[in-house]
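Take a look at the structure set out below.
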Amino acid sequence: MRRINLAFLLLAISIVAAMAFTLELRSQNRSAGTVVFEGARLIVGDGSPPIEDSAFVVANGRFTAVGKKGQLKVPAGAMRVDLSGKTVMPTMTDLHGHYGFQNIIEGTMSKEYFTRENLIDHLQRLAYVGVGAAVGIGDLLDRSDLHGGRTHWGDVPLQVRSEVIPNTALFRTAGTGIAWPGSGPQGDPSRVDVPYPVTTVKEAREAVDDYVRMKPLFIKIWVDDRGGTKKTLTPELYGAVADEAHKFNVPVGVHNVTLANAKQLMRDGVEGWLHVPVRGGEAVDDELISIVKQRVATNNRPIMWITPDLMTAWMNTQGGAGKRPAWLDDQLLNDLYPPDQIEKYWGAPLAKMTPAQVEKETKEFKLETNNAMRLRAAGMRFVEGTDTGQTRFFIGYFNHLDLETMVAMGLTPMQVIVAATRDSAQIAHINSGLVATGKQADFIVLNANPLDNIENTRRIDDVYLRGQKVDRAGLRAKWQAKWPHHGE
């Protein structure tokens, strides 16, 4: 009897031990993809003071715990990454880009370049510099020609929007846009006819009805007579666009210039501005400020945002004979673009600027800064937007110059980081922009503190998207292998 009991006991012990081993093995397997990052100064992205000597846990592409090193419960078997001496901040979101049209190696643009491969290449350049998501505007998409036909431009932006691609920023689209014929995107001819061409209220509403089928992040309109050289959307037309869009609960983002149009667009409930709402030498007045405040006070589409896009004006203030801004020789810029393009588009033109030209640019930058800052104080939000994807507007690098520009406008480095991370991600409906539990694990590891100097956002050690390290070395090698004279 004792032998039977002893055998039974040994069997029971063996079963329990086997079960414990199995549970431990399963636990280890669950923790195998879990990583804890420790020791960095952590800028969360919400404006709160940075967490010194931080720790945060990443699992399944998301942050699962954030706090102080030594105070955070770390899953058994988690891999540890030491970030002592580094600073971590969330990745940025760009709400204003024109990706896909540009052949970066050749420095040319065309509709033929708008392929899945080229769009992804542009999004990888954004990932390289710490941009986790981007919004394309004026994208090449099949649309109605408003006369019973279609453009047959395909659906590349919709394809890429639905994908999560390694080493690549997430993509969202604001579709083709709406403009008076020929007064939409300027510069290279490849983009001029992309928006819906609208001249009547009927066409405006028909355009919106077709547009919303793309499920755009917002509907983009251009209200700009290009210095009196072109016709543009009238208040009746853009009012019809806004009214029709809001029936579908789709926001509207506008490129406009004049004070009068800014007031009416604000009354029409337009939510976003791509560029400062009042430009061209005019100043924001008290009436416009009161309209903004009224919308906030009455909860009438109170979330209003601006991508200031004043980088080129700020960059031009640094021109003049014998002057060469340090950013022209920044390694990050030279990782992304061939030296001949950097010199062609910015080095030589800045050096040739006369004192009168620099003075003019400085005055314009100051006026548009004052306009934007007054609107911000009234309740509008600054968010990240670069207008990049056109020849001299460098994809990726301008995201960092945008931060520096906003500091030059009068924001603190912390305010700028919040604008480019949390607030931009919120407008784009991306679960990113914060180092916080449940958010997508998108973050930048920096070699210096951007709160000391915003230029330090360019001192990138690593970028992580969705918990995975971006292969920056591989991307850099791929691009530079295609440069003219590479290896000579």
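Going by the structure shown, is G438 modelled with pLDDT of 95 or more and over 24 Å from A408 (Cα atoms)?
Yes.
Are any of the residues in the stretch 321-328 surrounded by fewer than 20 Cβ atoms within 10 Å (Cβ to Cβ), closer than 25 Å to L123 by Cα and either aliphatic (A, V, I, L, M) or out of contact with any Phe, Trp or Tyr (no Cβ under 9 Å at 6 or more places or on another chain) (or both)? Lay out the reasoning, then the answer.
Step one: filter the stretch 321-328 for residues surrounded by fewer than 20 Cβ atoms within 10 Å (Cβ to Cβ), giving 321-328.
After this cut, where a residue has to be closer than 25 Å to L123 by Cα as well, the list is 327-328.
Within this subset, residues satisfying the condition of being either aliphatic (A, V, I, L, M) or out of contact with any Phe, Trp or Tyr (no Cβ under 9 Å at 6 or more places or on another chain) (or both) are 328.
Within the stretch 321-328, one or more residues are surrounded by fewer than 20 Cβ atoms within 10 Å (Cβ to Cβ), closer than 25 Å to L123 by Cα and either aliphatic (A, V, I, L, M) or out of contact with any Phe, Trp or Tyr (no Cβ under 9 Å at 6 or more places or on another chain) (or both).
Table: residues versus (1) among the aliphatic types (A, V, I, L, M); (2) closer than 30 Å to M109 by Cα; (3) touching a Gly at 6+ places or on another chain (Cβ under 7 Å).
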| site | (1), (2), (3) |
| --- | --- |
| V383 | yes, yes, no |
| M409 | yes, no, no |
| G433 | no, no, yes |
| L446 | yes, no, no |
| N453 | no, no, no |
| G467 | no, no, yes |
(request) Using the structure shown, decide if A448 is surrounded by fewer than 22 Cβ atoms within 10 Å (Cβ to Cβ), touching a Lys or Arg at 6+ places or on another chain (Cβ under 6 Å), touching a residue at least 12 places away in the same chain (Cβ under 8 Å) and part of a loop (DSSP other than H, G, I, E, B). (result) yes
(request) Within the stretch 158-191, track down each residue that is of a type outside the set (D, E) and within 16 Å of R226 (Cα to Cα). (result) I178, A179, W180, P181, G182, S183, G184, P185, Q186, G187, P189, R191
(request) Could you check the stretch 341-430 for helices (runs of 4 or more DSSP H) lying wholly inside it with 2 or more residues that are touching a helix residue (DSSP H, G or I) at 6+ places or on another chain (Cβ under 9 Å) and crowded, with 19+ Cβ neighbours inside 10 Å? (result) 355-378, 397-409, 413-418
(request) Tell me, yes or no, whether the stretch 329-350 has at least one residue that is within 26 Å of the chain's Cα centre (by Cα) and farther than 29 Å from P484 by Cβ. (result) no
(request) Report whether or not G130 is crowded, with 20+ Cβ neighbours inside 10 Å, under 25 Å from M214 (Cα atoms) and among the small types (G, A, S). (result) no
(request) Go over the candidates D224, D193 one by one and state the one that is charged (D, E, K, R), within 19 Å of W273 (Cα to Cα) and within 25 Å of the chain's Cα centre (by Cα). (result) D224
(request) Determine whether K323 is charged (D, E, K, R) and at pLDDT below 95. (result) yes
(message) Just checking, does the stretch 214-224 include any residue being over 22 Å from D94 (Cβ atoms) and surrounded by fewer than 16 Cβ atoms within 10 Å (Cβ to Cβ)?
(response) no
(request) State all residues of the stretch 279-303 that are farther than 23 Å from A245 by Cα and under 24 Å from the mean Cα position of the chain (by Cα); if no residue qualifies, say none. (result) R279
(request) Please specify each residue of the stretch 431-444 satisfying the condition of being surrounded by fewer than 20 Cβ atoms within 10 Å (Cβ to Cβ) and either over 14 Å from the mean Cα position of the chain (by Cα) or hydroxyl-bearing (S, T, Y) (or both). (result) A436, T437, G438
(message) Suppose we filter S190, S183 for residues that are polar (S, T, N, Q), in contact with a strand residue (DSSP E or B) (Cβ under 9 Å, 6 or more places away or on another chain) and not in a loop (DSSP other than H, G, I, E, B); which single one remains?
(response) S190
(request) Can you run down the residue pairs with Cβ atoms below 9 Å, 6 or more apart or on separate chains, where the first is in the stretch 58-71 and touching a residue at least 40 places away in the same chain (Cβ under 8 Å) and the partner is surrounded by 13 or more Cβ atoms within 10 Å (Cβ to Cβ) and among the aromatic types (F, W, Y)? (result) V58/F37; V58/F443; V58/Y464; F63/F56; F63/F443; T64/F56; A65/F56; V66/F56
(request) Test A169 against the criterion of being within 27 Å of D442 (Cα to Cα) and either within 22 Å of the chain's Cα centre (by Cα) or buried (at least 16 other Cβ atoms within 10 Å of the Cβ) (or both), and give yes or no. (result) yes
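The values are calculated or read from the model by the stated rules, or taken from the named source; none is laboratory data. Only a predicted model underlies this, so the values are computations on that prediction, with no experimental measurement involved. All Cβ positions, glycine included, derive from the backbone under ideal geometry; neighbour counts span all protein chains shown.
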